Amino acid sequence: MTVKKKGVKIPKFSTVDQNENPVTSEDLIGQKTVIYFYPKDNTPTCTEEACNLRDNYHRFLSEGYKVYGVSPDSAKKHQNFIKKFDLPFDLLVDTDLKLAKAFGVWGEKMLYGRKYMGILRTTFVINEKGKIAEVIEKVKAKEHSEQILPQIPKAH
């Protein structure tokens with residue numbers, strides 16, 4: 001499956017956040033959103049990425065953006081991850097991989113020469129109309145905010 005491209009409307013979805021509150025694609029219409037997909041809570045690189053976004057969260061808010069993280073972890077694991085690292089944004093549950101597949105971020109990966117299927121770490125910047133404004137595929141976990149923020153239109 002190919003990663004969604006700029007200008008494409010986000011796929012329809014329905015899931016829950018870490019508190020089991022429903023979140024749908026319709027909820028994103030009318031607001032600017034950053035959705036980042038990552039493989040697993042509490043792993044070193046995923047933690048670096050989440051903490052970088054946490055440390056720069058005020059900058060996303062000042063530009064009018066809501067931030068969501070998405071991984072195949074359960075609501076309970078998301079709750080623990082949020083609490084452990086004081087994350088100020090919601091994490092969406094994708095245990096059935098429907099979001100990952102719909103956004104085109106479930107694919108073949110390679111580690112130590114072994115091929116396997118997994119989440120392709122990817123971030124989407126979404127405009128108020130529910131269209132993808134930017135796609136960041138080569139994520140640098142420790143400086144991810146610096147990859148995203150220059151891509152978003154400045155609020156005036």
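No lab work stands behind these numbers, since they all come straight from the coordinates. These figures come from a predicted structure and were not determined experimentally. With ideal geometry, Cβ positions are generated from the backbone for all residues, glycine too; neighbour counts draw on all protein chains shown.
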Using r as the Cβ-Cβ distance of LYS109 and LYS5, and R0 as 22 Å, what FRET efficiency do you calculate, to the nearest 0.05? 0.60
Multiplying the sequence separation of GLU20 and GLN147 by 0.36 nm and subtracting their Cα-Cα distance, what value in nm do you get? 42.7 nm
Quick one: go through segment 109-131 and flag any residue whose amide nitrogen is under 13 Å from the point 7 Å out along the Cα-to-Cβ line of THR43. 109-112, 116-122
Identify which of LYS115, LYS101, LYS66 has the largest mean-square fluctuation in a Gaussian network model of the chain, with springs joining Cα atoms closer than 10 Å. LYS115
Put a dot 7 Å past each Cα toward the Cβ at ASP86 and ASP55; how far apart are the dots in nm? 1.3
Separation of the GLN31 and GLU137 label points, Cα + 7 Å toward Cβ, nm: 2.9
